[in-house]
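Right, one structure below, let's go through it.
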Amino acid sequence: MTKIELIRLLVGQARANGFEFRKWYTSKLGRPWVDAETSIAELAAERRYYVLLFSHEFASNFWKAGETITFQVPKQTFQRKMPDGSIGTVKRKAYVRRSAREDVWRYHLQELAIAEEPLRYMRRYLRVEEDLDSEPDSEPIS
């Protein structure tokens, strides 16, 4: 997925929750409005998307207060001390998580600020078809 496609999906999800992209774009960036595609392309250029990602207006609409959000937690591998005293490797599969908070957008802005790649952090909260793992419906019983 390209940066422009990702920004388009992020703006689309926020717009579905009431974000007025055109109004935000002209007031915050002070640029004339041509169309949505041109505006998204300008945001993608030279990392201008940071203005969008860290905007309170965008965040409060992207993560609606009190709504359940769904996101993919990636697979993890780490080592920990086991009950018998040995060091074991724990492998966790990726899973879908749901969460609800009143100030969810403030929490995510804090997490976004410390994230190494803000767009990658935001990507976790988009549900697109290519992310769905193909799992077998059922195991044959023998």
| remark: Share of accessible surface on carbon and sulfur in region 1-79, whole %, 1.4 Å probe and ligands ignored, is 49 percent
| Considering the dipole of region 1-93 built from charges on the beta carbon (Lys and Arg +1, Asp and Glu -1) around the Cα centre, which of A45, A14, I87 is farthest to its positive end? | I87
| said: Could you give each residue of region 12-26 its phi-based ³J(HN,Hα) in whole Hz, using Karplus coefficients 6.51, -1.76, 1.60 with θ = phi - 60°, and x for Gly or Pro? | reply: x, 5, 5, 5, 5, 9, x, 6, 9, 4, 4, 4, 4, 4, 6
| Relative contact order [Cα under 8 Å, 6+ residues apart], region 1-59, whole percent | 37 percent
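The values are calculated or read from the model by the stated rules, or taken from the named source; none is laboratory data. Model, not experiment: these values are computed from the prediction. In this analysis, Cβ positions are derived from the backbone assuming ideal geometry, glycine residues included, and neighbour counts consider all displayed protein chains. Note: accessible area is taken over every heavy atom of the protein model, side chains too, but ligands, DNA and RNA are not part of it. Shrake-Rupley method; radii C 1.70, N 1.55, O 1.52, S 1.80 Å.
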